[in-house]
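The values are calculated or read from the model by the stated rules, or taken from the named source; none is laboratory data. Model, not experiment: these values are computed from the prediction. All Cβ positions, even for glycine, are placed from backbone atoms using ideal geometry, and neighbour counts span all protein chains on display. Only protein heavy atoms, including side chains, enter the accessible area calculation; ligands, DNA and RNA are left aside. Shrake-Rupley method; radii C 1.70, N 1.55, O 1.52, S 1.80 Å.
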Amino acid sequence: MSEIVIIIIGAVTLVGGVILYAVISTATGLEEDENKNYIPDWIERKFPSIFKSSKDLD
């Protein structure tokens, strides 16, 4: 049971760290973000299926 808790805490920390990096790096201007969604453009280009919104599908 404790292994599952450790894995969940690790996964939440990892995802939270990536989100925190994306927000801070775009807000401070370290990364480009043309559409102002706080996700750096290089991440959107690398994983297009995850970040494609419904308006982009039209």
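Our estimate of slack between Thr28 and Met1, defined as 0.36 nm per intervening residue step minus the Cα-Cα distance, is 5.7 nm. Think of the chain as having a plus end and a minus end, set by charges on the Cβ of Lys, Arg, Asp and Glu; of Ile6, Asn35, Phe47, Ile6 sits farthest toward the positive end of this dipole. Its Cα centre serving as origin, the chain has a Cβ charge dipole (Lys and Arg +1, Asp and Glu -1) of approximately 120 debye. Rolling a 1.4 Å probe over the protein heavy atoms of the chain, with every protein chain left in place, gives an accessible area that is 68 percent carbon and sulfur. Comparing the chain with the 2.2 N^0.38 Å rule of thumb, its C-alpha radius of gyration ratio is 1.42 (two decimals). Per residue, the chain exposes 86 Å² of accessible surface when a 1.4 Å probe is rolled over the protein heavy atoms with every protein chain present.
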